[in-house]
Amino acid sequence: MLLRINEDNIRFEDIQTITNCLKNGGVIIYPTDTVYALGCDIHSMKALEKICKLKGIKLEKANFSFVCSDLSHLSSYTRAIPNHVFRVMKRSLPGPYTFILEANNEVPKLLKQNKKTIGIRVPNNKICSAIVKGLGNPIISTSLHDNSDDILEYFSDPEVIHRQYGEIVDIVVDGGFGNIHPSTIIDCSGEEMIVVREGMGSLDVLA
């Protein structure tokens, strides 16, 4: 199913269709402020396993992000965040960043496996934010890219995405052309903040 949504005129009915799908264990492809992403409800292990199968990765080796609508979800899934880290997050989000933080015991065990951290994203995208708010909890997410080439290329055209994945996922949310650059990843789980990947987000936030 291809569902077109205008970011400047988001219909409640469309968001409800998407959130009902997620609550029923569905997998969606949706826009963020960076690249298009695969997503499912944090509570649906079956959907999570389907995403791993689609990407050809093992669950225990997967690096998923928790996509939130704001910072209010943080305490539910992370340990206490140092003040200097929280200040950086507050001035960076919503925005094209992924912050790696220490996970607490509320994170589903299947997501933690042998890892003690999780990635947190708060994209600056109205469609993405409306979906997460409608769902009432974070979306487990991973970027969508073309695995058929040795060069990592991210899909940006929702029509192309639908042609390739429309029969595999439940809903492809068409929010217009996406970007081709991923988020900047900053690891905040240790004593110092470490840039793991420089993407769309400027490193000036660390200054």
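Mind ordering 72-81, 189-198, 169-178 by average Cβ neighbours within 10 Å, highest first? Show your work: numbers first, answer last.
Working: 72-81: 16.3, 189-198: 12.2, 169-178: 20.1.
For the peptides 72-81, 189-198, 169-178, the packing ranking is 169-178, 72-81, 189-198.
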If each residue's Cβ is checked for other Cβ atoms within 10 Å, how do 187, 204 rank with the fewest at the top?
204, 187
Express as a percent, rounded to the nearest 5, the fraction of DSSP beta bridges in the chain (both residues included) that run antiparallel.
65
Summing Lys, Arg as +1 and Asp, Glu as -1, what charge do residues with Cβ under 12 Å from the Cβ of residue 21 carry, residue 21 excluded?
-2
Provide, for the range 2-206, the number of lysine pairs with alpha carbons under 15 Å apart, each pair being eight or more places apart or on different chains.
16
Between residue 16 and residue 133, what is 0.36 nm times their sequence separation minus the Cα-Cα distance? Round to one decimal in nm.
41.1 nm
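Report, as a whole number in µm² per second, the diffusion coefficient that Stokes-Einstein gives for the chain at 37 °C and 0.692 mPa s using the Kirkwood radius over alpha carbon pairs.
On the way: Rh = 17.1 Å.
It comes out at roughly 192 µm²/s.
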Tilt relative to the chain, helix 12-23 - C-alpha long axis, 0 to 90 degrees, to 10:
70
Point-charge dipole on Cβ atoms (K/R +1, D/E -1) for the range 2-206, about Cα centre, debye to 20:
780
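Every number in this text was worked out from the coordinates using simple rules, so none of it is lab data. Being a predicted model, the structure only gives us computed values, none of them experimental. Cβ atoms come from the backbone with ideal geometry, glycine included; neighbour counts cover every protein chain shown.
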